[in-house]
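Okay, so here's the structure we're looking at.
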């Protein structure tokens, strides 16, 4: 209890930032609460150099609240979705994820971009933006400045996609009487859920399709989000193997992030419960709690970040993000065209 009381001041600071950020994210879904929180935290950090008693709680929030949020995120994922949408979207998802990860790895080698930044941008671009970064960061041991930098890059291209993808879809000849093609495109080529829903809703509004595009895009996006599980597991094993070669006393059992296991168990529990007739609405509060906890953790990460340093070192990560974004977009369109979807 005494240890928690030392952290309380910092936790409350993050909570105070998270609440208005969450509300603004609801009002402006293209930006989202997580980005609002991290930007607010970064701005506050410029003028608040000495944190005093709040320092410990801020660091605790950025790590443990973040891990807890990932676990609760598992309650919003039904593993059976893969079976429902796999025939149409899974081949595209596999191709886009592989493309992004290969581009990130190649540019990491060619441009000497730090390994953690390359991994976070590659995973964030290919799977689900901030949530994937949140799940991956503790697995690879990324620090707050690396997380903040990766999320800033992802955010920039999220906004571009939400604005320009509906225009692109119309220009290249997507069917405007159905939301199928654009829904798959948005679900596979845009990384963050908020921007996926924003772009899909715009397409529905443009062509009076009700929520047809939105329903398709969100379903595909949820299937794509499941890639968090195998990728974080592989990254954990690779890190364990690397550390084992440096330290013979290293233990995979000790190094394996338990929150990933709890995340998987939460997803399995949700799937079984839904198959037994439990309403999905039962898990809705946990999904909302997860989203809020991510926003709270992003506020802490923003407070721990040095915005001047981020700007000075941001050129290569932005180029990496641009290449991943362009690669995913091109591969998604090409694969859909080959499959005859558009």
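The values are calculated or read from the model by the stated rules, or taken from the named source; none is laboratory data. What you see is a predicted model, and the numbers here were worked out from it, not measured in a lab. Cβ atoms come from the backbone with ideal geometry, glycine included; neighbour counts cover every protein chain shown.
For this structure, a couple of remarks:
- Helices (runs of 4 or more DSSP H) wholly inside the range 277-342 containing at least 1 residues that are modelled with pLDDT of 85 or more: 284-303, 315-339
- Qualifying residue in the range 71-93 (condition: in a helix (DSSP H, G or I), in contact with a helix residue (DSSP H, G or I) (Cβ under 9 Å, 6 or more places away or on another chain), farther than 28 Å from residue 274 by Cα and at pLDDT 85 or above): no
Here is a yes/no grid of residues against (1) buried (at least 19 other Cβ atoms within 10 Å of the Cβ); (2) at pLDDT below 85; (3) touching a helix residue (DSSP H, G or I) at 6+ places or on another chain (Cβ under 6 Å); (4) not in a helix (DSSP H, G or I):
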position: 12; (1), (2), (3), (4): no, no, no, no
position: 20; (1), (2), (3), (4): no, no, no, no
position: 35; (1), (2), (3), (4): yes, yes, yes, no
position: 39; (1), (2), (3), (4): yes, yes, no, no
position: 58; (1), (2), (3), (4): yes, no, yes, no
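- Boolean, residue 157 is in contact with a helix residue (DSSP H, G or I) (Cβ under 7 Å, 6 or more places away or on another chain), assigned to a helix (DSSP H, G or I) and farther than 30 Å from residue 43 by Cα: no
- Residue check for residue 262: modelled with pLDDT of 80 or more and surrounded by fewer than 23 Cβ atoms within 10 Å (Cβ to Cβ): yes
- Looking at 97, 133, just one residue is part of a helix (DSSP H, G or I), within 15 Å of residue 232 (Cβ to Cβ), without any contact (Cβ under 8 Å) to a residue 40 or more places away in the chain and touching a helix residue (DSSP H, G or I) at 6+ places or on another chain (Cβ under 8 Å), and that residue is 133.
- The residues in the range 177-196 that are in a helix (DSSP H, G or I) and surrounded by fewer than 21 Cβ atoms within 10 Å (Cβ to Cβ) can be counted, and the count is 1.
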